[in-house]
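Trainee: Here's a structure for you.
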Amino acid sequence: MKKAHILLCLVAPFGALTSSSAGSISSPDVLAALHRTQTIAYPVAGAAVSETVALALRNELLPDVRVVAISDTHDIPQDGVLFVGTGAGHRWRRPVVPPEDGPWMFARLEEGGGGVIRASHPNFLYALFELVKEQLADPDEDELLEGWLRQPKFRWLTGRDDVHLLRLGYTKRRRAPVTLADIEASFKEVARVGGTHVVVNEPASRFPYETGPDGEMYYRFYSYAGDLDQYVQTKLNKGTYPRDYREANLALLKRISQLAAKYGLTPGMYIANPRSVPESLLEKYPFLRGARVDHTFRSFRPRYTLTLAHPAVRWHYAELLRTLLAEVPELGFVITLINDSGSGFEYTASLYPGRNGGPYVVREWRPDHEIARAAAENVVRYYRVLRDAAHETHPDFRIITGLKNIAEEAEIILDGLDNGIDRRLVSQRSDYDPDWHATMEEFRARRSYLYSQTSATGSRQVLGVPSPWRTYENLKTQHKVGFQRLGVSMDPLFLAPFDINREALRAFQLRPGVPLDSAIAATARRWVGQMHAGRLVEIWRQTDRIVAATPNLPLYGGQGFTWYRFWVRPFVPDISKIPESEQRYYLEYMLSIFNNPHNIDFRADALWEIQSIKDSDGFVEQFDADVLPRLQEVIALAKETLDEVRGKDDIEAVFVDLNDRLLAYRAYCKTLRNISAWIAGVHGYLEADNETDRTARRNQVEDMVDNELQNANELLDLWNSSSTDFFPLWEIGETMHTYGANLGELLEKKIELTRRYRNHPPFVDPDYMWRMPDGSELKESEYLGY
C-alpha cells in the first residue's frame, strides 16, 4: 500500500507535549483508559505496517475491540477510537506538534478511551507499538495519558548480518531448514529494536547460475549479491537467463519484500553491480563487451561486464530497475558492491586484472590521470541513470555505493554524487575531525548522504556472543560523529534467540532515557527471573570484556575463517606431507585453487602475506594472556550456573544457549590463536639462524598441534551434544561460505590426519605456486630452473 500523507492541525506547542513537569493530567488508571477503547482504526491507503500494528493491538491487548480500515481519516469519530498511522496528519482533540527535524514516535491514550499511536515514518511504527506495550506493563505510569513522544537516534538503520541473514539454510536446533516464517520473525525483531531498512535479495536456488571450469572456485562468489538481471530482463538480454530461474528469484524477492514492509521496514537490495554477464550475450553483441572483472588468480575463465559507456547498455540497466520497481514496489534502495565478486567498472585502477574495458570510455595511449577521470565520469553518469529511472516512480529511492574498491577514482566520483546517490563508508573517521563534519554537511546540501557501518555482534563467526556494552559504545561513537544513516550487523533471531546485543541496540536507538545497565538488568530479569538475573548479567559483562580484548586477525577473523576451512583442516607442521587425496574433503570447498600457496602455508594467499611472524607472535600472546584464561573463567561460571538451574525449563534454556555459545567462542578463539602460532612457529623455524631459536620454534609448533587437537576434540564434543545454533549451517551440504550438517564427520577427519602427520619437521615448499596440475606431462624438474 502507498503511504498516505495527512495534514495535521497544529495547536499545542512541542514542549507542552514532552514536559512531564507541566501539570500532570489527573486521570484514571492508564489500563482503564485503554480498555475503554471501542475501535482501532488505520488508514486503508496507508503503509502496510499500520494494519499490522492495528491487528497486533487487538490480538495482544484488546481482543474484544473491532479493527476498521478507514478511507478518510478526518471522519474518524473521536471518542473510543484508537487511531494507528504514520505521517504528521490528523485533527485530534489535543493534536501533536512533531519536532522540526528527525523521525518521531507519538502515543497518547484518551481518558474516555481511544487515542493515537503514530510515527513520522512507517519504519518506526512497529517499534512504537512494542514500546507502548512495555509502557502499559507499568500500571502506575500515566505518561501515555499525557502524550508520549520519542525520537529515534538514527534516521536510517539497516539491519544486516555477517552470515547471510536471509539464507534459507539449516537450523541445528530443529534439524530443519530455515523458513519464510523464520525470516518474518527476524524482520519483526529488526523492527522491534529500531531497525528501519533491510536487505532482502535472496536467490531462490541454493547454487549460483554461474559455473566455471573444473578446479575453479571463482563462480562461487556469484551465490550472493545477485545483480538486477537475475530477476528481470529487457529486450537487450532477453533469453540470457532461463525464465523459470528469473521468475523464481523474483517471486521470492516479492514475498520477502512484503514481509519486510509488513513491519514497516523498507526493503532493499545488495547487488554486485555492474556484474559480468554470460558469454552468450557478448557473443550476440561483441561490440558491447566491457571490463574484465574476475580475479585472475582464482578464476580459470575470464568474465566481462557490458560496457556502460554505450547508451544501449545504460538504457538496459535503467529499464531493468524500472521493471523491478514495477514488480516489487516496496523496494526503497540498492547497495552496490563494486569491483569485487564478479563486478567492476571499466578502466578503474582496482579491477583485479588492472585497468581495462570496452572501446568507448577513453582512447588508447592516454596518461593515467586522463584514464582515471574518464573512468570516474562513466561511473557517475551510470549512477545518475539508475537514480533518474528509479525516481520516475520512487522519488525517495537511494543508490548507495561504497568506494573502498575504487579508491583511485573516488575523489572525482564523490564530486558527482548528488540527490539520491549516497556513499557507504567501510571505515570510520575520527569523531573530532572538523573536516569530516564539513564533508557530511556538504553531502547533505546535495541531498547525498553518508552511511557508516558498525556491529551489534560479539563475533563474526560464532552467533549470539554477548557484547552489549561494546555494542552500545559502537553506536554511541557513530552517533557522536554525526552519522544518521547506519548499517548494523546483528545476529538473526531464529539462530540467536537470547541475544542481549540486540537489546543494547534497542536501548540506544529507542530508549535514550533508560541507562544501558538498567535495560540489560531488566532483560535479564525477564529471561531468567530475579534470582538468577545478577549472575546472567555478570557473565554478559565478563564476556563483553573478553570480546573487546580478542585480537582482530586480518582476513581469518571474519569470512576467511570459513573460506579457508580452519575448523576442519589439519594443523600440522608440513601440510604438504598429507596426500592431496586425503586433503580433498576440505580443499574442494576452500577459497583456493590447486597452486595457491595457502594450501600448504597459513601465512600466504595468492601473492599476499596475510600475517607476519611478529604480528602472529603478538596475537598468540594476546590470546594466551588476555582472552583464553578469562574465557575459561566465564565458561566455568556459566557451567556452575547451568547446573544450579537444571529442571527450570525456561531459565535452563537461556543458560544452555549461553553456555554453548561460550564454548563455541572458545573453540573459535583457540583456532585463531593456533593459526597465528602455526605462522609464527613454522616460519620462525624456517627463518631461524641458530639452533636455540630453531628448537624454540619447533616446540612452539608442537604446542600448537597439541592445542588445536584438544580444541578439535572439544568442538566435536560440543557438536555432538548441543542443539544450539552457534554458527550458520547449510542444510544440503557445504559451500565455500558455510559449513554443512556434516561438521562432526569433518572434525573427526581433522583429528585423525593431525595425529598421523604431526611429527614431520616444519616445512613450506617455496615453489608450490609453480606446480602443474595432476596429470600434466610437463614436470617441475624440466622448468623450475628457468
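Trainee: Long-range amide H contacts for Gly115: which residues qualify at under 5 Å (H placed 1.01 Å from N, peptide plane, sequence gap of 5 or more or a different chain)?
Mentor: Answer set, sorted by chain and number: Val81, Leu82, Phe83, Glu110.
Trainee: Order of 387-394, 590-597 by packing, highest average Cβ count within 10 Å first? The partial results should precede the final answer.
Mentor: On the way: 387-394: 16.5, 590-597: 19.4.
So the peptides 387-394, 590-597, ranked by packing, come out 590-597, 387-394.
Trainee: So if I average 1/r over every pair of distinct C-alpha atoms in region 567-633 and take the inverse, what Kirkwood radius in Å does that give?
Mentor: On the way: mean 1/r = 0.0715 Å⁻¹.
After inverting the pairwise mean of 1/r, the radius is 14.0 Å.
Trainee: Something else now. Classify region 214-288 as rounded, prolate or oblate from the Cα gyration tensor: take a ≥ b ≥ c as the square roots of its eigenvalues, call it rounded if a/c is under 1.5, otherwise prolate when a/b beats b/c and oblate if not.
Mentor: Working: a/c = 2.33, a/b = 1.69, b/c = 1.38.
It is prolate, given that a/c is not under 1.5 and a/b is the larger ratio.
Trainee: Could you tell me how many degrees, from 0 to 90 and to the nearest 10, lie between the Cα long axis of helix 368-391 and the main elongation axis, the longest principal axis, of the Cα atoms of the chain?
Mentor: So the inclination is approximately 40 degrees.
Trainee: Can I ask one more? What nm value, rounded to one decimal, do you get for the distance between Thr211 and Trp608 when each label is placed 7 Å out toward the C-beta?
Mentor: 2.9
Trainee: What is the antiparallel percent of DSSP beta bridges lying wholly in the chain, to the nearest 5? Let's see the in-between values first.
Mentor: On the way: 17 of 61 bridges.
Antiparallel bridges: around 30 percent, rounded to the nearest 5.
Trainee: Using only Cα atoms, tell me the angle between helix 628-644 and the longest principal axis of the chain; keep it within 0 to 90° and round to the nearest 10.
Mentor: Compared with the principal axis, the helix lies near 50 degrees.
Trainee: While we're on this one: Could you check how many percent of all C-alpha pairs in region 339-459 are farther apart than 21 Å?
Mentor: 46
Trainee: Right, here's the next one. Take each of the peptides 605-615, 470-480, average the number of other beta-carbon atoms within 10 Å over its residues, and list them starting from the highest.
Mentor: Details: 605-615: 15.9, 470-480: 19.5.
Packing order, densest peptide first, comes out as 470-480, 605-615.
Trainee: Next question, about the same structure. What is the ratio of the Cα radius of gyration of region 626-749 to 2.2 N^0.38 Å, where N is its residue count, to two decimals? List each step's numbers first, then the result.
Mentor: Details: Rg = 18.1 Å, N = 124, 2.2 N^0.38 = 13.7 Å.
Against the empirical 2.2 N^0.38 Å value, I get 1.32 for region 626-749.
Trainee: Can you give me the three principal axis dimensions of the chain from its C-alpha atoms, in Å, biggest first?
Mentor: Computed over the Cα atoms, the extents are 93, 70, 51 Å.
Trainee: Shifting gears a bit: Can you show me the helix-derived [θ] at 222 nm for the chain, built from DSSP H runs with n ≥ 4 at -39,500 (n - 2.57) apiece and divided by the number of residues, rounded to the nearest 500.
Mentor: Details: 23 runs with 327 residues, N = 786.
Using -39500 (n - 2.57) per qualifying helix, the result is -13500 deg cm²/dmol.
Trainee: Is the shape of region 465-603 best called rounded, prolate or oblate, per the rule: a/c under 1.5 gives rounded, else a/b larger than b/c gives prolate, else oblate, with a ≥ b ≥ c the square roots of the Cα gyration tensor eigenvalues? Present the calculation step by step, with values, prior to reporting the outcome.
Mentor: Numbers: a/c = 3.16, a/b = 2.19, b/c = 1.44.
Note, shape of region 465-603 comes out prolate.
Trainee: Let me ask something else about it. Relative contact order (percent) for region 675-725, with alpha-carbon contacts under 8 angstrom and 6 or more residues of separation?
Mentor: Dividing the mean separation by the residue count of region 675-725 yields 31 percent.
No lab work stands behind these numbers, since they all come straight from the coordinates. Values in this document were obtained by computation on a predicted structure and should not be read as measured data. All Cβ positions, glycine included, derive from the backbone under ideal geometry; neighbour counts span all protein chains shown.
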